[in-house]
Amino acid sequence: MLTRQASRALAKTPLPNIGNRLASLSEQDLRLWVERLAVPRHFEREQDENKNIALWIAAKLQSWGYRVELQGPWWNVVALPKSPSRSIILVCAHYDSVAGCPGADDNASAVAAMLGCARACASISPRPDVGFVSFNREEDGMLGSQDFIEWMGASKLPVKCVHVLEMVGYASEQAGSQRIPPGLPVRVSDKGNFLALLANRRSYRVLDAVLARASTYLPDFPVVGLRVTAGLEKYFPVLLRSDHAPFWQRRMPATMWTDTSEFRNPFYHQPGNTPQTLDYVFLRSVTELLIASLLDGLP
């Protein structure tokens, strides 16, 4: 496995209009969205809240002019551009939580980032060819994303690449706050202040492009990319624990964005996973990087 980091050496010439798009993003909006989403919402144990959250996400996306549907038996929220001119890029984040857990980081933070990106894309004319999907039942073996991929194939939806957001709101500058999954042959800082990107060989070009965008538009934001080589994900199940895994299994380019889950966040899958524990400066930086990556022409 190979790690790469954003650095000034990777920076390109920034596009002038993207800075204005990033400046319009509000930490307050991200916080308010997280607070709305952060209620226990397991598909089976908290059915009413699970459905209410799906409807709320759908209404948000629809209000920005997207073509929205609740797809499949698990109510994946799918928002697609009305008239894409070519293959689209998907930005995805699951909206369910484990039972009894507010899931502010897992995964309200990621849904908030997705919404921030969707609103930014909606303000551009013509709109970029980007779609947004919020999966249900990630906490139940990724049933929602697996069903979505079946639907995507049947509907012949042309997809260029996929960005899966999985816990992107917790950060710490404290030494020792970051751990590495046991046995994983990588070295990273022991401060949990960076965004981690995970890509297999079909996603290397996208990973490298995101690192370049981070270097260009957010040079002070630490971003680390992990290239999974030689199919090693088969030997490290920790690398297959989110909704990027079904896309990898179908040999589709997919990159996972994460704050590294329980290897940083002490409230993982606990009742203490509340909005007050998140770092909204960090969450804004993640969202800004996502917007910049999409608007500055990923491969």
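Taking the chain as a Gaussian network, Cα atoms linked when under 10 Å apart, which of 118, 175, 214 shows the biggest mean-square fluctuation? Highest fluctuation of the listed residues: 175. Placing +1 on the Cβ of every Lys and Arg and -1 on the Cβ of every Asp and Glu, with nothing else charged, gives the stretch 196-295 a dipole about its Cα centre of roughly 540 debye. Show which lysines lie in cross-link reach of residue 51 when reach means a straight Cα distance below 21 angstrom and same-chain residues fewer than eight apart are skipped. Correct list for residue 51: 60. The residues packed around residue 231, meaning those with a beta-carbon under 14 Å from its beta-carbon, carry a net charge of +4 if Lys and Arg are +1 and Asp and Glu are -1. Enclosing the Cα atoms of the stretch 115-267 in their convex hull gives a volume equal to 135 cubic angstrom per residue. Putting +1 on Lys and Arg Cβ atoms and -1 on Asp and Glu Cβ atoms, find which of 182, 84, 104 reaches farthest to the positive end of the dipole of the chain. Farthest towards the positive pole: 84. Largest first, the three principal axis extents of the alpha carbons in the stretch 148-191 are 48, 25, 15 Å in whole numbers. For the chain, modelled as a Gaussian network with Cα springs under 10 Å, which listed residue fluctuates most, 76, 52, 20? The residue that fluctuates most here is 20. Short to long, the 10 Å bins of the Cα pair-distance histogram for the stretch 38-89 hold 24, 44, 24, 7, 0 percent of all pairs.
Farthest towards the positive end of the charge dipole of the chain, among the residues 10, 20, 237, is the Cα of 10, using unit charges on the Cβ of Lys, Arg, Asp and Glu.
Bridging of residue 160 to aspartates and glutamates at a Cα separation below 13 Å is possible for 129, once same-chain residues fewer than 8 apart are set aside. Residues considered: 210, 286, 238. Largest GNM mean-square fluctuation over the chain, using C-alpha springs under 10 Å, is found at 238.
Quick note: the coordinates plus some simple rules give every number you see, no bench work behind them. The model shown is predicted, which means the values in this text are computed figures rather than measured ones. Glycine also receives a Cβ, built like all others from the backbone with ideal geometry; neighbour counts cover every protein chain displayed.
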